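Data block below; observations after.
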Amino acid sequence: MDDLRVILNSDELPDKWYNIQADLPRPLEPPLNPATKKPIGPQDLAAIFPMEVIKQEVSQERWISIPEEVRDVYRLWRPTPLQRAIRLEKALGTPAKIYFKNESVSPPGSHKPNTSVAQAYYNMKEGVKRLTTETGAGQWGSALAFACNLFNLKCTVYMVKVSYQQKPYRKSLMHVWNAEVIPSPSDKTNAGRKILEEDPDSLGSLGIAISEAVEDAATHDDTKYSLGSVLNHVLLHQTVVGLETKKQLEMIDVDPDILIGCVGGGSNFSGFCFPFLGDKIKGKSDVKAIAVEPTACPTLTKGPYMYDFGDTAEMTPLVKMYTLGHTFVPAGIHAGGLRYHGDAPLLCALYNQKFMEAVAYNQNPVFEAAVLFARTEGILPAPETAHAIRAAVDEALKCKKTGEKKNIVFNFSGHGHFDLSAYDQYLSGKLKDFEYPKKRIEEAIKKIPKV
């Protein structure tokens, strides 16, 4: 089979998600009630999540069946292609082979519908009428708007204000799919009003937007909350990406040496890598997995591993993760989906146990790699995705020096068609780089409650 574009048939779409919790060397640290510091139970989550999602959050089963109604929607774009970036290889002069899993072909243009469709389905089945959520760059917000529209649910999206201003067409796409979009922090919630009182010009953050969305859901009986990353069930749903990728690589007899994904909260990296890391945990693989983040929000590379809130207003349980402090507000980089202060507990546990690595990049080298990819492979990457491309380019250049013929595979998590203003800034030399905000992070970490 030609390895330039590997396509699965629709009947090869996975019918189960992979749950890495079944294979962890030691159990995940439990989320804690912030008042008592005791582990929370499923009943503590029932106010904002449907019961089936809560069951998946705590499940230790290795395989969880994908409902046929969800698979029917997946078939609108899944299985997605695995492509070889042969023109990029030639431009770099590398002996390495570079492959990418193209998740940009979904209707919203990213990997995010893999979980939004599942979450909207489970909420619909339990009689929920409306979902609230947050979004950074807008990929998650547009994915949830898409899914809610399919299952006749109302959708309210709290969009981080700096991204709301930078990416107006993501907002337009959400409107097309019947969603209400509110710039965050807003005057719609107590959490938003408190932030605005303290800082009327706040750029917003994912932590702030989460606070607003959770408050909205908790104060309306017909409404639940939906999260696009971080939580176990979200990462579970995303494993459809890695499961397909494994099958596609097997079809062309390729063993991956390096796996790469960008990390904001952890959903696309985890969904892509977990099926492979499950083999690594069992000693069946020594694949190198690299998580890539921005230097403006260097959670894995600079944050401590400790319990912290998932949101700014301290409404969520405490979870064990690498964190920069729940009050930390990153600079307004264009990779809005990577501006979260923490990371998924499952991903953080694997990083802590040395099953994966992490690197951080500034904006300009990331966009340099994005433009190179667009000019060689023809697809414009989202700024988040471009972080993974930067790392893939650097790994390929290392192979150029050593002569090693490694197989590098990365998750192309979304296209950049709504990010052209960022590319304009880069091409005109106006894109800013941001230094590692050490002092602000240290101040935020001091505010984390001791457990």
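Name the helices (runs of 4 or more DSSP H) wholly within region 382-447 that hold at least 3 residues that are charged (D, E, K, R)? Hits in region 382-447: 383-402, 438-446. When region 288-324 is filtered for residues that are touching a Lys or Arg at 6+ places or on another chain (Cβ under 6 Å) and not in a strand (DSSP E or B), only Cys297 remains.
Residue-wise test of (1) outside the structural domain of Ala179 (by TED's automatic domain parsing); (2) under 26 Å from Leu153 (Cα atoms); (3) over 17 Å from the mean Cα position of the chain (by Cα); (4) not acidic (Asp, Glu).
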| site | (1), (2), (3), (4) |
| --- | --- |
| Gly207 | no, yes, no, yes |
| Asp216 | no, yes, yes, no |
| Gln248 | yes, no, yes, yes |
| Ile260 | yes, no, no, yes |
| Gly283 | yes, no, yes, yes |
| Leu300 | yes, no, no, yes |
| Gly303 | yes, no, yes, yes |
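Which residue is nearest to Gln353 (Cα to Cα), if the candidates are limited to region 6-54 and must be charged (D, E, K, R) and loosely packed, with under 13 Cβ neighbours inside 10 Å? Step through it out loud before you land on a result.
Kept after step one, since they are charged (D, E, K, R), are these residues of region 6-54: 11-12, 15-16, 23, 26, 29, 37-38, 44, 52.
Going one step further and asking which of them are loosely packed, with under 13 Cβ neighbours inside 10 Å, we end up with 11, 26, 37-38.
Values: Asp11: 36, Arg26: 10, Lys37: 24, Lys38: 24 Å.
So, considering only residues that are charged (D, E, K, R) and loosely packed, with under 13 Cβ neighbours inside 10 Å, the one nearest to Gln353 (Cα to Cα) is Arg26.
Checking each residue in region 398-424 for being surrounded by fewer than 16 Cβ atoms within 10 Å (Cβ to Cβ) and under 17 Å from Gly332 (Cα atoms) picks out Leu420, Ser421, Asp424. Cβ-Cβ contacts under 8 Å between residues 6 or more apart (or on different chains), taken from a first residue in region 32-55 that is outside the structural domain of Tyr122 (by TED's automatic domain parsing) to a second residue that is of a type in the set (A, V, I, L, M, F, W, C) and in a loop (DSSP other than H, G, I, E, B), are listed as Leu32/Ile40; Leu32/Val451; Asn33/Ile40; Lys37/Val451. Please determine whether any residue of region 365-385 is surrounded by fewer than 20 Cβ atoms within 10 Å (Cβ to Cβ), among the acidic types (Asp, Glu) and farther than 24 Å from Leu32 by Cα. Looking through region 365-385, at least one residue is surrounded by fewer than 20 Cβ atoms within 10 Å (Cβ to Cβ), among the acidic types (Asp, Glu) and farther than 24 Å from Leu32 by Cα. Listed by position, the helices (runs of 4 or more DSSP H) contained in region 29-124 that have at least 2 residues being on the phi > 0 side of the Ramachandran plot form an empty set. On inspection, Pro275 fails the criterion of being in a loop (DSSP other than H, G, I, E, B) and closer than 29 Å to Glu12 by Cβ.
The values are calculated or read from the model by the stated rules, or taken from the named source; none is laboratory data. Quick caveat, the model's predicted, so the values are computed rather than measured. Because the Cβ atoms are built from the backbone with ideal geometry, glycine has one as well, and the counts that use them run over all protein chains shown.
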